[in-house]
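Colleague: Once you've had a glance at the structure underneath, I'll fire off some questions.
The values are calculated or read from the model by the stated rules, or taken from the named source; none is laboratory data. These figures come from a predicted structure and were not determined experimentally. Cβ atoms come from the backbone with ideal geometry, glycine included; neighbour counts cover every protein chain shown. Surface accessibility is based on the protein's heavy atoms, side chains included, excluding ligands, DNA and RNA. Shrake-Rupley method; radii C 1.70, N 1.55, O 1.52, S 1.80 Å.
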Amino acid sequence: MKARSLGAGIVAVATLLTGCAMGGAPVASAPQLQSSPTAVSGEITVWSWDVAATALKRLAGSYQKAHPGTTINVVDIGYDNAYDKISVGLQAGSGLPDLLTIETERLPGYIERFPGKLVDLSGRIDPEKANFDPSKLAAASDSSGKVFAMPWDSGTMALYVRTDYLKDAGVDPASLTTWDAFAKAAEQVKAKTGKTAFDTDLSTGAMFTQLMQQQGTGIFNAEGKIVINNEPAVAALTLLRNLQQKGLINNVKGWDARVSAAKAGKSAFSPNAVWWSGTLKSEASELSGKWAVQPLPAFTAGGAQTSNNGGSNLAVPAQAKNPDLAADFAGYALMNADNQNDMMAKDGLFPSYLPALSSPIYSEKDPYYGGQAAMKVFADLTAKIPAISYTGDYAKASEIVANASVEAILNGKDPKAALDDAAQTIAKQTDRTIG
């Protein structure tokens, strides 16, 4: 699903999580489900929202037909209060359904802060591990490798390119192999056309953390230590600061402003996730034929050319009344190429399940992208998304990091100094050590 801004909701969740058990250790007390049951029956309730709920309701109907004696109740609980409800339910040990939708960035906090409150799904997922986006599996696992949620959709990132602007500026899209080359091309495009490089809301820190993940690093490392001030992070923040200082970033506030800027053609590029394609087609249909998609520029020759922005999972809370049916329905929806591609075609949910991405539908030429098979670019990149560690302190730390990125990008603070200060602040507020 499309990434949402962190905002007040995540602050509330972070507050609820504060004071719970520190994470990083294996969740040994979690209930386990082994191999798939030979038969399932009974009733479950599933919580989700928006297009995800729509997709699950449709699949619930087909699942019930194939499994007589089962009832799947999908409840659209809305997004705004979803995580407050989930956090309260996990803390209380009651009040939750049999199956939960949890976004990728939120999941590690629940795994770490509520040990034993989510069912260990390793027995169901292990035989299929090689078939999932590795970055999603990493976010769904504890330090021992136990998996507590089934990956659903990925927010695979690539570079959207306005081919008309690049043609007017005399820039060959194939030359954009590194971010250094991108920066030079962006200057040329602005000089020739007046267009900025891309539109983004710098206050969220999202672009910065996405560029970090592209290099295989995050705020924390696999041991839970703070690494926000390492060399890849400094490189990412320096890139954004330099682009901003040259007037190449169109800094907009909020989602609606980003959509409006794209529709108005303010920028020549958009480093963005696969779900952005749906936004362009629905909100800027008049730009059909003017966009193309290609891998992100790399930081170094041969480096990763994608990252992740968004995505979700299905998890079974330990308090579930029918965990076997919940896990079986999750597997039916998410470990099935046909069902994943049905959700992609009808709901725009891009599969984390890699076998689905070999379907011919991803090689179909798309008129919106001038006849390019744009989805094939994302399909080829998904298995290459670098995995990073989040920890249960991600929500709190990400706010500190966002403030540090603003200090460097908009206020001119030295990137290394800004990140050193952020690392110190995170250490004080989380009792974690700096790596």
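Colleague: By how many degrees, 0 to 90 and rounded to 10, does the Cα axis of helix 323-334 deviate from the longest principal axis of the chain?
Modeller: The answer is roughly 30 degrees.
Colleague: Something else now. Quick check: the angle from helix 255-264's long axis to the longest principal axis of the chain, C-alpha only, nearest 10 degrees?
Modeller: Here the helix axis deviates by roughly 40 degrees.
Colleague: Let me check the size of the range 43-174 from its C-alpha atoms; what are the radius of gyration and Dmax in Å?
Modeller: So, for the range 43-174, Rg and Dmax equal 19.1, 64 Å respectively.
Colleague: Work out from phi, with θ = phi - 60° and the Karplus expression 6.51 cos²θ - 1.76 cosθ + 1.60, the ³J(HN,Hα) of each residue of the range 270-278, listed in order in whole Hz, and give x for Gly and Pro.
Modeller: 8, x, 8, 7, 4, 5, 5, 4, x
Colleague: Would you mind working out the accessible area per residue for the range 98-257, using a 1.4 Å probe, and quoting it in Å²?
Modeller: On a per-residue basis, 33 Å².
Colleague: Using the crude model of +1 on Lys and Arg Cβ and -1 on Asp and Glu Cβ, and no other charge, please compute the dipole size for the chain relative to its Cα centre, in debye to 20.
Modeller: Numbers: 38 positive and 42 negative charges, 145 e Å.
That gives a dipole near 700 debye.
Colleague: Listed highest first by mean packing, meaning other Cβ atoms within 10 Å per residue, what order do 108-118, 123-133, 228-238 come in? Write down the numbers at each step before the final one.
Modeller: Working: 108-118: 23.9, 123-133: 18.5, 228-238: 21.0.
Ranking, from highest mean packing down: 108-118, 228-238, 123-133.
Colleague: Relative to the longest principal axis of the chain, what angle (0 to 90°, nearest 10) does the C-alpha long axis of helix 50-66 take?
Modeller: 40
Colleague: Still on this structure: May I ask you to give the percent of accessible area on the chain that is carbon plus sulfur, with a probe radius of 1.4 Å?
Modeller: Working: 8420 of 16630 Å².
Within the chain, the accessible surface is 51 percent carbon and sulfur.
Colleague: Taking 0.36 nm per intervening residue step and subtracting the Cα-Cα distance, what contour gain separates residue 238 from residue 164 on full extension? Numbers along the way, then the final one.
Modeller: Working: separation 74, 0.36 × 74 = 26.64 nm, distance 2.87 nm.
Additional length available on full extension: 23.8 nm.
Colleague: Lys pairs in the range 110-176, Cα-Cα under 25 Å, at least 8 apart or on separate chains: how many? Intermediate values should be presented prior to the final figure.
Modeller: Values: 117/129; 117/136; 117/146; 129/146; 136/146.
Within the range 110-176, the lysine pair count is 5.
Colleague: Still on this structure, please answer the following. Given springs between every Cα pair under 10 Å in a Gaussian network model of the chain, which of 377, 75, 189 has the largest fluctuation?
Modeller: Judging by the Gaussian network model, the answer is 75.
Colleague: Round to the nearest 0.05 the FRET efficiency obtained for residue 231 and residue 39 when R0 = 51 Å and r is the Cβ-Cβ distance. Please list the in-between numbers first.
Modeller: On the way: r = 54 Å, r/R0 = 1.06.
According to the calculation, E is roughly 0.40.
Colleague: Okay, next question. Nearest 5 percent is fine: what portion of the DSSP beta bridges confined to the chain is antiparallel?
Modeller: Numbers: 25 of 41 bridges.
Antiparallel bridges make up about 60 percent of those DSSP assigns within the chain.
Colleague: Assuming a ≥ b ≥ c are the square roots of the Cα gyration tensor eigenvalues, decide whether the range 281-435 counts as rounded (a/c under 1.5), prolate (otherwise, with a/b larger than b/c) or oblate.
Modeller: Working: a/c = 2.43, a/b = 1.26, b/c = 1.92.
Cα axes put the range 281-435 in the oblate bin.
Colleague: Once you have the Cα-Cα distance between residue 66 and residue 429, take 0.36 nm times their residue separation minus that, and quote the gain in nm to one decimal.
Modeller: On the way: separation 363, 0.36 × 363 = 130.68 nm, distance 5.06 nm.
Full extension of this stretch gives 125.6 nm more.
Colleague: Still on this structure, I have one more. Would you please classify the overall shape of the chain from the alpha carbon gyration tensor, given that a ≥ b ≥ c denote the square roots of the eigenvalues, rounded means a/c under 1.5, and beyond that prolate means a/b larger than b/c while oblate covers the rest? Can you show the working numbers first?
Modeller: Details: a/c = 2.05, a/b = 1.33, b/c = 1.54.
Oblate, since a/c reaches 1.5 and b/c is not below a/b.
Colleague: Please give the FRET efficiency for residue 245 paired with residue 364, using the beta carbon to beta carbon distance and R0 = 45 Å, rounded to the nearest 0.05.
Modeller: On the way: r = 41 Å, r/R0 = 0.92.
Approximately 0.60, to the nearest 0.05.
Colleague: What number of lysine-lysine pairs in the range 375-435 show an alpha-carbon separation below 25 angstrom, given a sequence spacing of 8 or more or placement on distinct chains? Each step should come with its number before you reach the end.
Modeller: Numbers: 376/384; 396/413; 396/416; 396/428; 413/428; 416/428.
Eligible lysine pairs with Cα atoms under 25 Å apart amount to 6.
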